[in-house]
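The values are calculated or read from the model by the stated rules, or taken from the named source; none is laboratory data. What you are looking at is a predicted structure, and each value in this text was computed from that prediction instead of being measured. Cβ coordinates were reconstructed from backbone atoms using ideal geometry, including for glycine residues, and neighbour counts include every protein chain displayed.
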Amino acid sequence: MKFEVTKEWCMKMARLEHEHGTDVEIGAGLFAADPSTQQPAYAMEESADPRIAFGRFVRLMRRGRKQTLEKLAEDADIDITELVEIEEDSHHTPEPRTVYQLANYFAIPSTKLMQLAGLSQQRDSHLVSEAIRFAARSEKVTDLNETERSALEAFVAVLSEQK
């Protein structure tokens, strides 16, 4: 059996995705994907905050499950080098596949995690403000304290909201 994906089908799916929001499961790919990964310096300042939250989110989710970097990389089927970059470098732009794998592993909608990782246009101002609040409330410590645990749980709830 041979499948042929036509331009018309792709355009129709993109329109459906756009009309029904970014959290739909159908589509011809990420309609909101930002085609330029190279941003000017002034734009980087604006998008760095959600990426800081993305790295901290991944780190805290990993620590909350008491996993090593190696174990998470293996379980989520992602590259360990990129996982280290995600957790340590707030300016790192991860691969879409990596974010998709992490979203599936953590049971979070991939479109919201893509926004958080800076891979799609910011469409949810509530998500951005919650991401910044989450980043501000989380600290680098060995074990999750109660404040971090509650911040992480609240942020997971925001990421999991269906519109």
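Annotations for the structure displayed:
- Lone qualifier among S129, S160, S150 - being among the hydroxyl-bearing types (S, T, Y) and closer than 14 Å to P50 by Cα: S129
- Here the condition is being part of a helix (DSSP H, G or I) and either at pLDDT 70 or above or within 16 Å of the chain's Cα centre (by Cα) (or both); of E46, E17, it holds for E17 alone.
- The one condition from (1) on the phi < 0 side of the Ramachandran plot; (2) at pLDDT 50 or above; (3) in the same structural domain as E85 (by TED's automatic domain parsing); (4) exposed (fewer than 14 other Cβ atoms within 10 Å of the Cβ) that K66 does not meet is (1).
- Residues (among the polar types (S, T, N, Q) and exposed (fewer than 14 other Cβ atoms within 10 Å of the Cβ)) located in the stretch 72-103: T81
Quick grid of which residues meet (1) assigned to a helix (DSSP H, G or I); (2) at pLDDT 85 or above; (3) within 22 Å of I78 (Cβ to Cβ); (4) not hydroxyl-bearing (S, T, Y):
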site: N104; (1), (2), (3), (4): yes, yes, yes, yes
site: T111; (1), (2), (3), (4): yes, yes, yes, no
site: M114; (1), (2), (3), (4): yes, yes, yes, yes
site: G118; (1), (2), (3), (4): no, yes, yes, yes
site: R123; (1), (2), (3), (4): no, no, no, yes
site: E130; (1), (2), (3), (4): yes, no, no, yes
site: R133; (1), (2), (3), (4): yes, no, no, yes
site: E139; (1), (2), (3), (4): no, no, no, yes
site: E148; (1), (2), (3), (4): yes, no, no, yes
